[in-house]
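Chemist: Here it is, the structure in full.
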Amino acid sequence: MTGDSLAPPRLAANTTDSAVEDAVRRAQAGDVDAFGMVYRVHAPAIHALCRRMLGNDEDAREMVQDVFVRAWEKLASFRGESALRTWLHRLGVNLILERLRATRRDALRFADDPGDLPAAGGTLDRRLDAEIDLAAALDRLPNGSRMVLVLHDIEGYSHEEIAAMTGIAPGTSRAQLWRARRHLSRMLDA
């Protein structure tokens, strides 16, 4: 869990489910080394989630660290009613949404004019290079659309679950998803 790089560790090929479960129990009892194993096993998936939702690798690496700091603080509350991966995923989504809300609040608080607000994802009418990939296209989506698309199409949440997590209506989630798919289609067809 320590080191110079903030890049997520690679999944240990010889890690078994029972070894991870044992590591979780030991980590809940305060074993830092056991938590390191939990981190190594789950950090790649959490990094992928953060990267897709935040749109850039630097913020994603920072958020992975935040997720695992919060996980360490709250690990005693993990009761095992769901898989640890699910618990960590939900914790990550909540922290990401919290950061996005705070960023938006700060932008609104310090903007003198609504025109001063940064564009959420850049202009969508620019034609993209022929070699664009899905990750680059996702980065160009407005934050709300990207968030809903990732949560629904990639992570598998229903519109009702997305509404509960983000505080938007299920209909708004559906509309954001429709817009995101339309924009992606245009960008990838360009």
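The values are calculated or read from the model by the stated rules, or taken from the named source; none is laboratory data. Computed from a prediction, not measured in an experiment: that's the story for all the values here. Reconstructed Cβ throughout: ideal geometry from the backbone, glycine too, with neighbour counts over all protein chains shown.
Chemist: Looking at segment 134-190 only, could you name the residues that are of a type in the set (Phe, Trp, Tyr) and either touching a strand residue (DSSP E or B) at 6+ places or on another chain (Cβ under 9 Å) or in a helix (DSSP H, G or I) (or both)?
Modeler: Of everything in segment 134-190, just one residue is of a type in the set (Phe, Trp, Tyr) and either touching a strand residue (DSSP E or B) at 6+ places or on another chain (Cβ under 9 Å) or in a helix (DSSP H, G or I) (or both), namely Trp178.
Chemist: Let me spell it out: the conditions are (1) of a type in the set (Gly, Ala, Ser); (2) at pLDDT below 90; (3) in a helix (DSSP H, G or I), and Ser82 meets all of them except one. Which number is the exception?
Modeler: Failing condition for Ser82: (3).
Conditions (1) surrounded by 10 or more Cβ atoms within 10 Å (Cβ to Cβ); (2) modelled with pLDDT under 85; (3) not basic (Lys, Arg), marked per residue:
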site: Leu124; (1), (2), (3): yes, yes, yes
site: Asn143; (1), (2), (3): yes, yes, yes
site: Met147; (1), (2), (3): yes, no, yes
site: Ile154; (1), (2), (3): yes, yes, yes
site: Ile162; (1), (2), (3): yes, no, yes
site: Gln176; (1), (2), (3): yes, no, yes
site: Arg179; (1), (2), (3): yes, no, no
site: Ser185; (1), (2), (3): yes, yes, yes
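Chemist: Against the definition (in a helix (DSSP H, G or I), over 19 Å from Gly156 (Cβ atoms) and at pLDDT below 90), how does Leu75 come out, yes or no?
Modeler: So Leu75 fails the test.
Chemist: Give the residue that is surrounded by the most Cβ atoms within 10 Å (Cβ to Cβ), with candidates limited to residues of segment 164-174 that are free of Cβ contacts under 8 Å to residues at least 60 places away in the same chain and of a type outside the set (S, T, N, Q).
Modeler: Restricting to residues being free of Cβ contacts under 8 Å to residues at least 60 places away in the same chain and of a type outside the set (S, T, N, Q), the top hit is Ile168.
Chemist: What number of residues within segment 77-101 are more than 9 Å from the chain's Cα centre (by Cα) and more than 16 Å from Glu161 (Cβ to Cβ)?
Modeler: Residues flagged as more than 9 Å from the chain's Cα centre (by Cα) and more than 16 Å from Glu161 (Cβ to Cβ) within segment 77-101 amount to 13.
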